[in-house]
Amino acid sequence: MTAHVAHVPAKPGTFNASEYLLRAAFRPDTAGEIAVTGPGGDLTYAELAELSGRVAAGLQSWGLRAEERVVLFMADGPAMAAAILGVMRLGAVPVPVSTMLTGVELAGLLNDARARILLVSDRFAVAAEAAVTQAPGVRYVAVEGDAAFPVPPGVQASSFADLLEQGQRRDGELLDPYVTSEDSSALWLYTSGTTGKPKGAMHRHANIPHVVETYGRQVLGITPEDRCYSVAKLFFAYGIGNSLFFPLATGATAILDPDRPTPASVAERLRQYRPTLFFAVPTFYAALLNADVPAEVFSSVRLAVSAGEPLPAELCRRFTARYGVEIIDGIGSTECLHIFLSNRPGRVRPGTTGTAVPGYQLRVVDAAGEDVEPGTPGSLLVKGESISTGYWCRTATTRQVFQGEWLHTGDTYLVDEDGYYTCLGRTGDMLKAGGIWVSPAEVEAHLLQHPAVAMAAVVGLPDGDGLDKPIACVVLADGAAAQPQELSDFCRAGLASFKRPRQVLIVDELPTTASGKLQRFAVRDLAVTLLAAG
């Protein structure tokens, strides 16, 4: 691949996020620096710009229009990164979706997004083939890799290499970016769907620099010397910030891993690629500790980040004690594009989610929408420039969640006098025992203090009188032994009586989403099955 790119200055009043993210490609001192690395190979900033230009030109030859959606069912790697940037460059909308979807689920998103074009990696071809037969609007498919891809009549299938070849024009120069504005639609991300049908959150071009300039620069302190590795993939809001927006906008390096992460595979990536910033979710931090990953694999990491669900204080302490790396826990959402509330390096308070990220305002309100006093639980609201414009074709839900400038996060929080926020769980996950509200997160945090416990999930199930009582599902640490009664006694000694689990169930694993978030409805189903069998 040649490294010839040409930069056309943006017209006044226009803004295209692909230009913002590829600024380093057009500076002589940074064009040759590595933008992305990993098992898929290295690309300099200039090479990434050229590759994204070829994707854009190829898609243009297929008739891709501004505002039209392109679904990306792809593994993390150079092609995926270039596809996101190339689609944005045309003023169209990349829609990266979970690669764990079944064919039926993928078809549902293709139909919902009205997508005519699907880009897919060969490792996911089987599900994609099934999806295309159920998505009559799809007209073009490009496959990254060698898989054969039979398609129904009326659908054109080609390789990703053929798409790039079609885009090889103008001597490799980038096409001029489409004349988008800050308010133009840049990216759709579908929510995980843990509590219902997935919804497409629509993000503007302006949302991308906002998360970079707030969380990326002011919390992470990211510099061109950083190397970013994220367990969360590019199809998540968390992952696309970690592995695309933050590194590219700052001239750093993204380490893109196409494989599904395991403690062993991630340890190998850390050894090989030496990241300085490491991003994961609490469940994966617990898995790393449980697998006894050697401490030296984190020797290059200057800071670890956790998001997706609350990080229990004991898990935070264990990880830092074991690996010598501080974890800053935060909360973000698909609707906010990235983290808006976070601990800070050197000022971590384990068990809290920290303080508001610069550029965001927060409120904790009661059922009437009034601000509560510090120390009083309430619903968390957030305001900031990165908030989605709404959900695609979900008018009722949009009106419920997006109220004026404020987004209802669906989380129950309390804030102390110092402005530190503590998560009590998803609002719908809170349960009452004996007429008193119980936070599952608090009970889980206590169970994690037991040396034999690696992971814990607490849900409410009705007793014989139809009253919800806390039930705990626990995964033991490798090589550890503990009986349910021992763990019940441990809770009895450290928790108020109404908070302690009425039963503790030992399980092999906890059900999670593709991003590692706990699926509490699935935990409830698991607990019901185990109790019925026992």
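The values are calculated or read from the model by the stated rules, or taken from the named source; none is laboratory data. All values derive from a computational prediction rather than experimental measurement. Positions of Cβ are backbone-derived with ideal geometry, glycine not excepted, and every protein chain shown enters the neighbour counts. Just so you know, the surface numbers come from the protein's heavy atoms only, side chains and all, with ligands and any DNA or RNA stripped out. Shrake-Rupley method; radii C 1.70, N 1.55, O 1.52, S 1.80 Å.
Structure notes:
- Taking all protein chains as they are arranged and a probe of 1.4 Å, the heavy atoms of Leu476 leave approximately 30 Å² accessible to solvent.
- Debye intensity ratio in log₁₀ form over the Cα atoms of the chain, taken at each q of 0.07, 0.08, 0.13 Å⁻¹: -0.39, -0.52, -1.32
- Simple label model, 7 Å out from Cα along Cβ direction - Asp463 to Lys197, nm: 3.9
- The count of lysine pairs in the chain with alpha-carbon distances below 27 Å, taking only pairs 8 or more places apart or on different chains, stands at 16.
- Spacing of the modelled spin labels on Thr320 and Ser61, each 7 Å from Cα toward Cβ, amounts to 5.4 nm.
- With every protein chain in place, region 220-314: carbon and sulfur % of accessible area (1.4 Å): 53
- Surface per residue (accessible, 1.4 Å probe) for the chain, Å²: 39
- Accessible surface of region 376-534 [probe 1.4 Å, protein heavy atoms]: carbon and sulfur percent: 50
- In region 300-354, the trypsin sites (Lys or Arg not before Pro) that fall in loop regions by DSSP, at most 11 other Cβ within 10 Å: Arg347
- Of the solvent-accessible surface of region 85-197, computed with a 1.4 Å probe over protein heavy atoms with every protein chain present, carbon and sulfur atoms account for 50 percent.
- Residue separation of Thr102 and Ala291 scaled by 0.36 nm, minus their Cα-Cα distance, works out to 65.1 nm of gained length.
- Neighbour-limited loop hits for GluC sites (Glu not before Pro), region 61-159 (at most 15 other Cβ within 10 Å; DSSP other than H, G, I, E, B): Glu67
- Region 93-137 and region 494-526 have Cα centres lying 32 Å from one another.
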